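Student: Quick one: this structure, given as structure tokens, is what I'll be asking you about.
The values are calculated or read from the model by the stated rules, or taken from the named source; none is laboratory data. This structure is a prediction, so every number in the text was calculated from the model and none was measured. Cβ atoms come from the backbone with ideal geometry, glycine included; neighbour counts cover every protein chain shown.
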């Protein structure tokens, strides 16, 4: 079974997440300078990430490492969690952007 299409779609979505994460992290930095954004981690421990960070960058990096490992040794059982985590990341980034637009 070839995972080429899945890998390409995942890579494209991860690139989108990276660009959005850079912007979101800059916004969070500015908010923290103003005394806001006082939290220790973006995702709860049960979200499936090994990272626990108050910025999006480490989560994107974790997913990029997962993609690299998947490319080296494709494992169909690892794919659902990777996709779920990427979806959670993109959804959270979208929600943050929407909240900041309304603020």
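Student: What number of residues in segment 71-82 are part of a helix (DSSP H, G or I), under 12 Å from residue 3 (Cβ atoms) and touching a helix residue (DSSP H, G or I) at 6+ places or on another chain (Cβ under 9 Å)?
Tutor: Within segment 71-82, residues that are part of a helix (DSSP H, G or I), under 12 Å from residue 3 (Cβ atoms) and touching a helix residue (DSSP H, G or I) at 6+ places or on another chain (Cβ under 9 Å) number 3.
Student: Could I ask something else about it? Has segment 1-20 got any residue that is out of contact with any helix residue (DSSP H, G or I) (no Cβ under 8 Å at 6 or more places or on another chain) and within 23 Å of residue 101 (Cα to Cα)?
Tutor: yes
For (1) at pLDDT 90 or above; (2) farther than 22 Å from residue 9 by Cβ, each residue gets a yes or a no:
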residue: 28; (1), (2): yes, yes
residue: 37; (1), (2): no, yes
residue: 41; (1), (2): yes, yes
residue: 54; (1), (2): yes, yes
residue: 69; (1), (2): yes, no
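Student: Looking for something surrounded by 15 or more Cβ atoms within 10 Å (Cβ to Cβ) and at pLDDT below 90 - is there at least one such residue anywhere in segment 8-23?
Tutor: So far as segment 8-23 goes, no, none of its residues is surrounded by 15 or more Cβ atoms within 10 Å (Cβ to Cβ) and at pLDDT below 90.
Student: Looking at (1) in a loop (DSSP other than H, G, I, E, B); (2) under 12 Å from residue 7 (Cβ atoms), find the lone condition where residue 66 falls short.
Tutor: (1)
Student: Kindly establish whether residue 60 is over 12 Å from the mean Cα position of the chain (by Cα) and crowded, with 16+ Cβ neighbours inside 10 Å.
Tutor: No, not satisfied.
Student: Further, regarding this structure: Looking at (1) part of a helix (DSSP H, G or I); (2) crowded, with 16+ Cβ neighbours inside 10 Å, which one does residue 43 not meet, given that it meets all the others?
Tutor: (1)
Student: Which residue is surrounded by the most Cβ atoms within 10 Å (Cβ to Cβ), if the candidates are limited to segment 30-40 and must be within 18 Å of residue 101 (Cβ to Cβ) and out of contact with any helix residue (DSSP H, G or I) (no Cβ under 6 Å at 6 or more places or on another chain)?
Tutor: 31
Student: Here's another thing I want to ask about it. Does residue 49 fit the bill of being more than 24 Å from residue 101 (Cα to Cα) and surrounded by 17 or more Cβ atoms within 10 Å (Cβ to Cβ)?
Tutor: Here the answer is yes, as residue 49 does meet what is asked.
Student: Which of the numbered conditions does residue 71 fail, given that it passes all the others? Conditions: (1) touching a residue at least 12 places away in the same chain (Cβ under 8 Å); (2) surrounded by 14 or more Cβ atoms within 10 Å (Cβ to Cβ).
Tutor: (2)
Student: Only one residue in 50, 92, 16 is under 13 Å from the mean Cα position of the chain (by Cα), touching a residue at least 12 places away in the same chain (Cβ under 8 Å) and part of a loop (DSSP other than H, G, I, E, B). Which one?
Tutor: 50
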